[in-house]
Amino acid sequence: MKNLEKFTKEMIDGFIAGTQASYERGDVIDPRKELTFVVTDGDDKFYIKAIWIKEITYFPTNDPTIDIDTKYFFTDYYFSVYKTDTLRKLSHEIHETLDFINE
C-alpha cells in the first residue's frame, strides 16, 4: 500500500475531503458546525487540525444600548501522521476525528 512520502499538503486536503464525503454517506455531520481541516506539512509528519463550532450563545434583545453580540465557541482536535504511514492509517485517523466530532 502507498505511503504518504510523495503526498503534498494539497493532496492530503483532497484525501480528507474525499474521506469526509465517504463518511457522510452513512452518518451526516451537522453543517452548522462549519467543520474545517487545517493541514501543516512538517519535515517528517503531516500535522492535521480539525476546527468546528461547538456552541453558540445568542443574546437576543430589543434594546440596542445593551445588545451583546452572539458568541461562537470553537473547539479543535489535533492528530499527526508520519510520511512513512499508509493511506489506511490516515483514513483511520480521519474517521476517528469525524466520530469524535459527531458525538
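The values are calculated or read from the model by the stated rules, or taken from the named source; none is laboratory data. Everything numeric in this text was worked out from a predicted model, so none of it was measured. Cβ coordinates were reconstructed from backbone atoms using ideal geometry, including for glycine residues, and neighbour counts include every protein chain displayed.
Residues of region 1-45 that are assigned to a loop (DSSP other than H, G, I, E, B), more than 17 Å from the chain's Cα centre (by Cα) and surrounded by 12 or more Cβ atoms within 10 Å (Cβ to Cβ): Leu4, Phe7, Thr8. Within the bounds of region 83-103, is there any residue that is closer than 21 Å to Lys2 by Cα, touching a helix residue (DSSP H, G or I) at 6+ places or on another chain (Cβ under 7 Å) and among the β-branched types (Val, Ile, Thr)? Within region 83-103 (the criterion being closer than 21 Å to Lys2 by Cα, touching a helix residue (DSSP H, G or I) at 6+ places or on another chain (Cβ under 7 Å) and among the β-branched types (Val, Ile, Thr)), the answer is yes, since at least one residue qualifies. Scanning region 46-86 for residues being more than 20 Å from the chain's Cα centre (by Cα) and modelled with pLDDT of 85 or more gives a total of 1.
Taken across region 46-68, residues that are part of a strand (DSSP E or B), more than 23 Å from Lys2 (Cβ to Cβ), in contact with a strand residue (DSSP E or B) (Cβ under 9 Å, 6 or more places away or on another chain) and among the hydroxyl-bearing types (Ser, Thr, Tyr) do occur, with at least one present. Checked against (1) of a type in the set (Lys, Arg); (2) assigned to a strand (DSSP E or B); (3) under 20 Å from Thr8 (Cα atoms), Arg88 meets all criteria but (2).
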